[in-house]
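Asker: Okay, here's the structure, questions in a sec.
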Amino acid sequence: MKLFFETLYSKIPVWAQNTLISLYGLKLNMTRYSGNYPVYYRDVMGQLKFDRAQLDSFIQENLKKIIHEAAHNVPYYREMFKSARINADLICSPQDLKRVPLLNKSKLRENPALFFNERYKKSKYHIIHTTGTTSTPLNVFCNADIRQLNFAYFDRFLASVGINHHGRRATLWGRLVVPSSQTKAPFWRYSVFSKNLLMSSYHLSKTNLPSYIAKLREFHPDYIDAYPSSIYAIAQYANENNISLHDITKGITTSAETLFPEQREAIEKAFGIPVYDQYGCAEMSVFVGQCKAGRYHIHEDYGIVEVLREDGSPAQPGEEGEIVCTGFINPIMPLIRYRIGDMAVLSDMACPCGSPFQVIDKIVGRMDDVIITPDGRRIGRLSPVMKGLPVKEVQYVQHVYNQIEVLIVRDDSFTIETEQAILAELQKRIGIEMQITIRYVDSIVRGPRGKFRNIISCLGKVIA
């Protein structure tokens, strides 16, 4: 069905594509803002008024709830608590979590059904197909209420930095809104009902960037939400050509990739406004966002974040450690002490914004280069390629401009059809001009401190 609609979309004229995208946007808006969303948004905004004591009480109450659900209704945790002789009733605070073993992403991926809350078997639920830092496909169980609550937290983040989530926005994400082979504008489509200008992240060449800037200036979005590498490409071009973008938008948010200091500096110089970065995951177990003072805060009412040394002990402020998270908002698939695969550095400094939320000095994750196509397009995030496919890990290596090597650790159900699907999805994004070589490996070598890099460029130092 998905292939049918993708084929149909690719063959109809632009006005019809805009119509389809608008209807899809209407559906998303109804899903996002109907039902209990207004109540959730009111509640999470109210939680911003908590002092430290109220926040600690909220955390303890929600930790007890999620531990109880897991210990009694989730097969994996029920068996684990029993075999490890852990009394779930004694886990009442973040400090008590050390009794629970860490959860690796590989275990979640191997049998996601073991993490499904049996209490929800007879209710409606969704399966979200996602990929993480390693492009490892994962299935996440949730329902409409949980997604609305998750959206409420994101919209709270926007509000906290002065952005109205109902405003006009331009997005530069990983969607294939136009064919990669297209050489002339428009490289975007418009969703009327969600007021969203969806711009392609796969056509950001120097030849095409003037048309992106012209469209952004014409559209004048209230805010831009983008992959760092995508908005950086626009900013870098503008700075190099002395083009001021100060009149284009009132807000910029980034997510999904690491926002490097040089990227932030270039974007803020080009657009003349601060960039607010957000960090999270589709597993809905962690939410971190920047405040107006520019500091990263763990939204502790969303879930607990531990930063641990290699030996499992807590890292001290200023010391880099592994992010381990326990989410509160998804009782259908509770994840306790989940190793998300990134690193962070905690701070012990209070933030001038006045929030009681824990401050993070920096997040050290998703340390990727970009792929540069023969026609100069910069492509930074390819994780959507592997969604729903039997792949354990994948890494893209570019040695020359017209060729990439794809290292794949296969799952047992991987077939020749899987390989064909991967090649087709890659060609949609990077074009048919590049030679794609797939090499199957047993494992993918990690970098310093065990960090995984999804994209490695050997063309020179290309950081984006």
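The values are calculated or read from the model by the stated rules, or taken from the named source; none is laboratory data. Here the structure is a predicted model, which is why all the values come from computation and not from measurement. Positions of Cβ are generated from backbone atoms using ideal geometry, with glycine treated the same way; all protein chains shown enter the neighbour counts.
Asker: Looking at the range 221-245, which of its residues are in a loop (DSSP other than H, G, I, E, B) and within 25 Å of the chain's Cα centre (by Cα)?
Answerer: Within the range 221-245, Pro221, Asp222, Tyr227 qualify.
Asker: Another question, then. Which of the residues spanning the range 246-267 are of a type in the set (Gly, Ala, Ser) and either in contact (Cβ under 8 Å) with a residue 60 or more places away in the chain or assigned to a helix (DSSP H, G or I) (or both)?
Answerer: Matches in the range 246-267: Gly251, Ala256, Ala266.
Asker: Now, a different point. When residues of the range 317-366 are filtered for being of a type in the set (Gly, Ala, Ser), within 19 Å of the chain's Cα centre (by Cα) and under 28 Å from Ala159 (Cβ atoms), how many remain?
Answerer: 3
Asker: Only one of these is part of a helix (DSSP H, G or I) and touching an Asp or Glu at 6+ places or on another chain (Cβ under 8 Å): Leu28, Leu114, Leu55. Name it.
Answerer: After applying the criteria, what remains is Leu55.
Asker: So which pairs qualify, if the first residue must be in the range 86-110 and closer than 30 Å to Asp412 by Cα, the second must be of a type in the set (S, T, N, Q), the Cβ gap must be under 7 Å, and the two must be at least 6 apart or on different chains?
Answerer: Every condition considered, the pairs that remain are Lys105/Thr136; Arg109/Thr136.
Residue-by-condition table, conditions (1) of a type in the set (S, T, N, Q); (2) closer than 24 Å to Val394 by Cβ; (3) surrounded by 16 or more Cβ atoms within 10 Å (Cβ to Cβ); (4) in the same structural domain as Tyr396 (by TED's automatic domain parsing):
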site	(1), (2), (3), (4)
Lys65	no, no, no, no
Ser83	yes, no, no, no
Ile86	no, no, yes, no
Leu90	no, no, no, no
Ser93	yes, no, no, no
Asn111	yes, yes, no, no
Leu114	no, no, no, no
Asn117	yes, no, yes, no
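Asker: Only one of (1) under 29 Å from the mean Cα position of the chain (by Cα); (2) in the same structural domain as Asn143 (by TED's automatic domain parsing); (3) buried (at least 18 other Cβ atoms within 10 Å of the Cβ); (4) over 18 Å from Ser285 (Cα atoms) fails for Asn18. Which number is that?
Answerer: (2)
Asker: Just a yes or no: is a residue in the range 223-245 within 22 Å of Asn164 (Cβ to Cβ), out of contact with any Cys (no Cβ under 9 Å at 6 or more places or on another chain) and surrounded by fewer than 18 Cβ atoms within 10 Å (Cβ to Cβ)?
Answerer: The answer is no, given that none of the residues of the range 223-245 is within 22 Å of Asn164 (Cβ to Cβ), out of contact with any Cys (no Cβ under 9 Å at 6 or more places or on another chain) and surrounded by fewer than 18 Cβ atoms within 10 Å (Cβ to Cβ).
Asker: Please tell me if Glu393 is crowded, with 20+ Cβ neighbours inside 10 Å, in a strand (DSSP E or B) and without any contact (Cβ under 8 Å) to a residue 60 or more places away in the chain.
Answerer: No; evaluated as a whole, the condition is false for this residue.
Asker: Kindly indicate which of Lys105, Lys82, Lys98 is closer than 15 Å to Thr326 by Cβ and over 25 Å from the mean Cα position of the chain (by Cα).
Answerer: Lys98
Asker: Need the failing condition index for Ser123 against (1) over 21 Å from the mean Cα position of the chain (by Cα); (2) within 24 Å of Lys292 (Cβ to Cβ), just the number.
Answerer: (2)
Asker: Pick out the one residue from Arg189, Arg169, Arg119 that is at pLDDT 90 or above, touching a helix residue (DSSP H, G or I) at 6+ places or on another chain (Cβ under 6 Å) and closer than 21 Å to Leu26 by Cα.
Answerer: It is Arg189.
Asker: Is one or more of the residues making up the range 29-42 more than 25 Å from Leu138 (Cα to Cα) and of a type in the set (A, V, I, L, M)?
Answerer: yes
Asker: Just a yes or no: is a residue in the range 370-378 without any contact (Cβ under 8 Å) to a residue 40 or more places away in the chain and closer than 27 Å to Tyr223 by Cβ?
Answerer: No: zero hits.
Asker: Do we have Ile304 as in contact (Cβ under 8 Å) with a residue 24 or more places away in the chain, among the β-branched types (Val, Ile, Thr) and under 24 Å from Trp173 (Cβ atoms) here?
Answerer: Judged against the criteria, Ile304 is not a match.
Asker: Now for a separate question. Identify the single condition in (1) over 19 Å from the mean Cα position of the chain (by Cα); (2) in contact (Cβ under 8 Å) with a residue 24 or more places away in the chain that Ser201 does not satisfy, given that it satisfies every other one.
Answerer: Every listed condition holds for Ser201 apart from (1).
Condition check ((1) assigned by TED's automatic domain parsing to the domain that holds Leu103; (2) of a type in the set (D, E, K, R); (3) more than 19 Å from Val44 (Cβ to Cβ)) across all residues:
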{"site": "Glu265", "(1), (2), (3)": "no, yes, yes"}
{"site": "Ala293", "(1), (2), (3)": "yes, no, yes"}
{"site": "His299", "(1), (2), (3)": "yes, no, no"}
{"site": "Gly303", "(1), (2), (3)": "yes, no, no"}
{"site": "Gln316", "(1), (2), (3)": "yes, no, yes"}
{"site": "Glu320", "(1), (2), (3)": "yes, yes, yes"}
{"site": "Ile329", "(1), (2), (3)": "yes, no, no"}
{"site": "Arg337", "(1), (2), (3)": "yes, yes, yes"}
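Asker: State whether one or more residues within the range 52-72 are aromatic (Phe, Trp, Tyr) and under 24 Å from the mean Cα position of the chain (by Cα).
Answerer: no
Asker: Considering only residues that are in a helix (DSSP H, G or I), in contact (Cβ under 8 Å) with a residue 12 or more places away in the chain and surrounded by fewer than 16 Cβ atoms within 10 Å (Cβ to Cβ), which ones fall in the range 31-51?
Answerer: Within the range 31-51, Thr31, Asp43, Met45 meet the criteria.
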